[in-house]
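The values are calculated or read from the model by the stated rules, or taken from the named source; none is laboratory data. Computed from a predicted structure; not experimentally measured. Here Cβ is always computed from backbone atoms with ideal geometry, including for glycine, and neighbour counts include all displayed protein chains.
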Amino acid sequence: MAFPNEKELKKIRESLAKAEPSYLLPEDATKADKLKYVLCQKFVVYLLEHKISQADLARRLDMDTARLNEIVKYKIDLFTVDKLIDFAQRLDPNLEINVA
């Protein structure tokens, strides 16, 4: 695979400039926020491993595409732990969560 030429790089940069960013977890995050972040990660990993779109996954999980987008952008302040666990169990009915 060759490195993209300048025209392709410009197109990629323009696309990224318009894209909504993912949120990072602050260093002083609470344990609840850390758990929510880990739960959101499960969706991102699932999308990447299964090579499906957010729209496809949203349909499979019977949820709104915009809501799934909020999860994969790590907008943890929009969700409770309970709600993210509910969504994650739809993704993996055998979900196990270990609390330390």
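Assorted remarks:
- Selection within the stretch 10-33 - in a helix (DSSP H, G or I), of a type outside the set (K, R) and either closer than 21 Å to K83 by Cβ or at pLDDT 85 or above (or both): A32, D33
- Where I97 falls short, out of the listed (1) in contact (Cβ under 8 Å) with a residue 60 or more places away in the chain; (2) in a helix (DSSP H, G or I): (2)
- Unique residue being within 20 Å of P93 (Cα to Cα) and either under 17 Å from the mean Cα position of the chain (by Cα) or basic (K, R) (or both) when the list is D77, D64, D33: D64
- Qualifying residue in the stretch 34-51 (condition: surrounded by fewer than 12 Cβ atoms within 10 Å (Cβ to Cβ) and not in a helix (DSSP H, G or I)): yes
- Tally of residues being in contact with a helix residue (DSSP H, G or I) (Cβ under 6 Å, 6 or more places away or on another chain) and either modelled with pLDDT under 95 or farther than 16 Å from E20 by Cβ (or both) across the stretch 58-68: 2
- Within the stretch 76-100, being surrounded by 16 or more Cβ atoms within 10 Å (Cβ to Cβ) and closer than 16 Å to S22 by Cβ holds for I76, F79, L84.
- Tabulated pairs, the stretch 1-29, first surrounded by 10 or more Cβ atoms within 10 Å (Cβ to Cβ), second part of a helix (DSSP H, G or I), C-beta under 7 angstrom, 6+ apart or interchain: P4/I12; L25/D33; L25/K34; L25/Y37
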